[in-house]
Amino acid sequence: MGDKINTVTITQIKSPIGRPRDQRATLKGLGLNKINRTSVLRDTPSARGMIAKVRHLVRVDEII
């Protein structure tokens, strides 16, 4: 059997209006641009770091 790849589902729940430019860029890097949009990413340290930076703007669901 192959190794399972852990993924993370991220949903934007708040607007980036009035937030610093780096937080808006991080949302764009996560593939999010509008409220209630969802993105599925591999669970990597870099993805976790970006999620931590905008944790107040997103909801995270882990898929194993």
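Read-outs: derived from the displayed coordinates by stated rules, not from any lab. Computed from a prediction, not measured in an experiment: that's the story for all the values here. All Cβ positions, even for glycine, are placed from backbone atoms using ideal geometry, and neighbour counts span all protein chains on display.
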By how many nm would the segment from residue 11 to residue 38 grow when fully extended, if each residue of separation counts as 0.36 nm and the alpha-carbon distance is taken off? 9.3 nm
Gain in length, residue 48 to residue 60, computed as 0.36 nm per residue apart minus the alpha-carbon separation, to one decimal in nm? 3.3 nm
Amide H partners (placed H, <5 Å) of residue 38, local residues excluded: none
Along the range 36-50, Karplus-curve 3J(HN,Hα) (6.51, -1.76, 1.60; θ = phi - 60°) to the nearest Hz, with x for Gly and Pro, reads 6, 7, 10, 9, 10, 10, 5, 7, 10, x, 5, 5, 4, x, 5
With a sphere of radius 12 Å drawn around the Cβ of residue 25, what net charge do the other residues whose Cβ falls strictly inside it have (Lys, Arg +1; Asp, Glu -1)? +4
Amide H neighbours of residue 19 at under 5 Å, excluding residues fewer than 5 places away on the same chain, with H built from the backbone geometry, are none
Charge context of residue 39, other residues only, Cβ under 12 angstrom, K/R +1, D/E -1: +4
Which three extents, in whole angstrom, do the alpha-carbon atoms of the range 2-64 cover along their principal axes, largest first? 44, 20, 15
